[in-house]
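The values are calculated or read from the model by the stated rules, or taken from the named source; none is laboratory data. Since this is a predicted model, take the numbers as computed values, not measurements. Counting neighbours? That spans all protein chains shown, and the Cβs are built from the backbone with ideal geometry, glycine included. All accessible areas refer to the heavy atoms of the entire protein, side chains included, with ligands and DNA or RNA removed. Shrake-Rupley method; radii C 1.70, N 1.55, O 1.52, S 1.80 Å.
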2 protein chains.
Amino acid sequence: MQDVARLANVSIATVSFTVNNSKPVSPATRARVEAAMQELGFRRNAVGRALASKRTHILALLYPALQHRFRGTVVNFFTSAARTASEHGYNLVLWPASNDDELDELTSTGLVDGVLLMEVQVEDPRVERLQKSGTPFALIGRTAEPDALDFVDIDFEGTVAASIDHLVELGHSAIGLLDGGVGSGALRGYGPVVRTRGAFDREMEERGLMAFRLSCDENPAAGREMGARIRDEAPGMTALILMNEHAAPGLLSELRHQGLSVPDDLSILSIASSKEMAAMNDPELTVMSAPSIELGRRGVELLIDQLDGGGDHDRHALVMCALEPGASTAPPRAGH
Amino acid sequence: MQDVARLANVSIATVSFTVNNSKPVSPATRARVEAAMQELGFRRNAVGRALASKRTHILALLYPALQHRFRGTVVNFFTSAARTASEHGYNLVLWPASNDDELDELTSTGLVDGVLLMEVQVEDPRVERLQKSGTPFALIGRTAEPDALDFVDIDFEGTVAASIDHLVELGHSAIGLLDGGVGSGALRGYGPVVRTRGAFDREMEERGLMAFRLSCDENPAAGREMGARIRDEAPGMTALILMNEHAAPGLLSELRHQGLSVPDDLSILSIASSKEMAAMNDPELTVMSAPSIELGRRGVELLIDQLDGGGDHDRHALVMCALEPGASTAPPRAGH
DNA sequence: CTGAAAGCGCTTACAG
DNA sequence: CTGAAAGCGCTTACAG
């Protein structure tokens, strides 16, 4: 910047003003400065800027060490968040925080301007910690009391309603929900499952439909076991909303071995999964796919709104899953 | 740091020396300084340090905008790289560079100490660009001439040999390779496919086995089509090495519809995939799983070796895929 | 073993 | 509209 100033015959302050558009600069000097920058191939140093302005333009994406639920879509989320940050002149660092101390480590060294919190729990101790540290942050997911916070989340309520709509339109009235359980330990009270169950119970009751609630672990073997007992556990059920993509292959395989046809004997609608995972099944599953890319983008936008001001995004954003047609849903067999 | 120095009655230089262990400090002063840091909850500012030392302790993970091949494992790679960086006192930023200018943008602002390059092509223009910029970097993957570079890559040659070993031990002698093609455009000359084919041809020839070479696009529909014509294209083949995890479900489904049994009529060994993807199939595939976590870790270690010196990691690291038993490989039917 | 001081590359009141 | 100068929070020769 010294060199640019010298070559353009101005002060470094003026160079700074023209680079940042932070103060009016006459067209003539601007031209001289820009020519000098061009000639020298000048790029302003990010660290000098950060120290002087107290803004690093670095955002942290905080992900927990525990296994992610929606694994396949996490990479979309990561890259979408990084791209959005980049488009706004920010950088995104991946921060693997398994405990609270590592969170403090991040916020106390002044490296990041803000934090994006993934896999938010219904009661999440990290939220209070962040508030205490004064670091701007946004949530992917929701706590139990998210009103005062900025968040984006999947609209589980809307997704469940749309799922039931889809199945009812096909003619179903006895519908089940198979989820992966609320888990224990770190995953206890996992928001997506809690909210989906609540919405399912409510919607089914309101519509006066016959509801079944099922759970099994998130792996094919558990899906297989579930398949073996599903007719006992849910007699008369003709359609299943599945929020457990990893159980799907085992479940389908077991149903096939029993001579049951999907979708003719049982329609299956996979939710909060991805088209890619759905396509790994036979038949290819109809799916309400998780809006990972949009969640990543909007989470970053929310955070940058706080940092730069002037943003007009909705601070409480809920994004629907999108219905992607597959071969696993159809009208129930005549006679049901 | 000013405050710490005042409280401990030393200069800020001395605080710096004890924080960094960069110069000898007497036990007594060290104790005083540490007590003061404790009391004030001092954490040295990362930006000030970066500016003074000309080292940001930030690493960039450069991933191309084009779709990733080994999608499911990318998240493991990302998080493993981030964790390793963190363990060494570094941060990892995700940098979505779709073109060369965005690469220059990254290296010219002085934000990062080094770059990790993903999805390296056989001829990769980014390598020369990075060399020109003087930025330390390491590759995940290999160019055609990688001797002068630091890289970690999957040991495709070893993985293919081990795959053939596994099948030969089961009694197979007519073995095919089904890959996703070398692609066109940005993916042309994609190293993994090129190397796997070369190794396969060589190994099969050396061992005097009957080899079949097949390719189809990376999706279930293409796998299904391949299944429909596979007996014509590869008559007598009893085992298949599959480097195309997304084609697997379609292929298996089509084989089943034809009344062919996996593994009895055809053994299938999925390579450079993951146990998770393998488990999405029925039967669960035997798989040589990609060492994503190790690649992420070792790539970062290589880069930090360059930056901090004194590292003793092998600059040309090749990591084998690991055999994970499944239900898709077995001896050929008697009579073959 | 410890300190005074320069300097890393910028931004930002303040003054004109 | 432009500039001189202080300062962001550290590190690092240099001197003692």
- Task: For peptide B:212-221, compute the average count of partner chain beta-carbon atoms within 10 Å of each residue's beta-carbon.
- Result: 1
- Task: Sort A:163-170, A:134-141, B:228-235 for me by packing, meaning the mean count of neighbouring Cβ atoms within 10 Å per residue, highest on top.
- Result: A:134-141, A:163-170, B:228-235
- Query: Say R0 is 41 Å: what FRET efficiency, to the nearest 0.05, do A:Ser173 and B:Glu105 get from their beta-carbon distance?
  - Reply: 0.10
- Item | Cα point-scatterer Debye curve for chain B, base-10 log of I(q)/I(0) at q = 0.07, 0.08, 0.13, 0.14 Å⁻¹ | -0.40, -0.49, -0.95, -1.05
- Task: Assuming 1.002 mPa s and 20 °C, estimate D for region A:171-237 with Stokes-Einstein, Rh taken as the Kirkwood radius over Cα pairs, in µm²/s.
- Result: 166 µm²/s
- D (Stokes-Einstein, µm²/s), Kirkwood Cα radius, region B:75-121, 1.002 mPa s at 20 °C: 181 µm²/s
- Task: Within 10 Å of each Cβ in peptide A:31-43, how many partner chain Cβ atoms are there on average? Round it to a whole number, please.
- Result: 1
- Taking the Cα-to-Cβ direction at A:His88 and at B:Ser22 and moving 7 Å from each Cα, how far apart do the two end points lie in nm? 3.5 nm
- Note on the structure: Shortest first and in nm, the label-point separations between B:Gly309 and its counterparts in the other identical copies (7 Å out along Cα→Cβ) come to 4.7
- Quantify how much of the Cα-Cα distance distribution of region A:280-333 extends past 19 Å, in percent. 49 percent
- Which residues in region B:258-277 have a backbone N closer than 18 Å to a point placed 7 Å from the Cα of B:Arg231 along the Cα-to-Cβ line? B:258-268
- Message: Just to be sure I follow the rule: in the protein assembly as shown, considering lysines 8 or more places apart or on different chains, how many pairs have Cα atoms under 24 Å apart?
- Response: 6
- Message: Largest first and in whole Å, what are the equivalent-ellipsoid semi-axes of region B:38-122 based on the Cα gyration tensor, each being the root of 5 times an eigenvalue?
- Response: 28, 17, 8
- Calculated from backbone phi, Karplus (6.51, -1.76, 1.60) coupling profile of region A:10-19 in Hz, x at Gly/Pro: 9, 7, 5, 4, 5, 4, 4, 4, 6, 4
- Task: In nm to one decimal, list the spacings between the A:Met210 label point and its equivalents in the other copies, with label points set 7 Å along Cα to Cβ, shortest first.
- Result: 5.5
- Message: List the residues, sorted by chain then number, that are 5 or more residues from A:Leu92 or on another chain and whose placed amide H is less than 5 Å from its amide H.
- Response: A:Leu59, B:Leu94
- Task: Mind giving me the nanometre distance, one decimal, between the label points for B:Glu206 and A:Leu307, set 7 Å out from Cα along Cα→Cβ?
- Result: 5.2 nm
- Message: What do you get for the angle between helix B:292-308 and the principal long axis of chain B? Use alpha-carbon atoms, 0 to 90 degrees, nearest ten.
- Response: 40 degrees
- Which value, in Å², gives the accessible area per residue of the protein assembly as shown when a 1.4 Å probe is used on the protein heavy atoms? 42 Å²
- Message: If packing is taken as the average count of other Cβ atoms within 10 Å, what order do A:24-31, B:293-300 fall into, highest mean first?
- Response: B:293-300, A:24-31
- Message: Taking amide H atoms as placed 1.01 Å from N in the peptide plane, list the residues 5 or more away in sequence, or in a different chain, whose amide H sits under 5 Å from that of A:Gly326.
- Response: A:Thr286, A:Val287
- Over all residues in B:242-253, what is the mean tally of Cβ atoms on other chains that come within 10 Å of each residue's Cβ? 2
- If you put a point 7 Å past Cα along the Cβ direction, how far is that point for A:Glu128 from the same point in each other copy, in nm, smallest first? 5.9
- Which of these, A:His257, A:His316, A:His246, has the largest mean-square fluctuation under a Gaussian network model of chain A (Cα springs below 10 Å)? A:His257
- With θ set to phi - 60°, apply the Karplus curve 6.51 cos²θ - 1.76 cosθ + 1.60 along region A:127-143 and write out the HN-Hα couplings as whole Hz, x wherever there is a Gly or Pro. 5, 4, 4, 5, 4, 4, 6, x, 7, x, 7, 9, 9, 9, x, 9, 7
- Message: Taking amide H atoms as placed 1.01 Å from N in the peptide plane, list the residues 5 or more away in sequence, or in a different chain, whose amide H sits under 5 Å from that of B:Arg213.
- Response: B:Leu177
- Message: What are the equivalent ellipsoid semi-axes of region A:156-290, built from the alpha-carbon gyration tensor (square roots of five times its eigenvalues), in whole angstrom, biggest first?
- Response: 20, 18, 14
- Message: Quick check on chain B: of the DSSP beta bridges with both residues there, what percent are antiparallel, nearest 5%?
- Response: 5 percent
- Under a Gaussian network model of chain A whose springs join Cα atoms within less than 10 Å, the largest fluctuation of A:Phe212, A:Phe42, A:Phe200 belongs to A:Phe42
- Under the Kirkwood approximation for Rh and a Cα-based Rg, what ratio Rg/Rh is obtained for the protein assembly as shown? 1.02
- How large, in percent, is the carbon and sulfur part of the accessible surface of the protein assembly as shown at a probe radius of 1.4 Å? 49 percent
- Separation of region A:176-254 and region A:267-318 by C-alpha centroid, Å? 21 Å
- Query: So what's region B:227-336 giving for Rg/Rh, alpha carbon basis, Kirkwood Rh from the mean inverse pair distance?
  - Reply: 1.17
- Message: On the Cα set of region A:2-44, report Rg and Dmax in Å, please.
- Response: 8.9, 23
- What ranking, highest mean first, results for peptides A:147-159, A:80-92 when packing means the other Cβ atoms within 10 Å averaged over each residue? A:80-92, A:147-159
- Does anyone have the angle between helix A:27-40 and the longest principal axis of chain A? Alpha-carbon axes, 0 to 90°, nearest 10? 70 degrees
- Query: Hey, how many Å between the Cα centroid of region A:77-112 and the Cα centroid of region A:129-167?
  - Reply: 19 Å
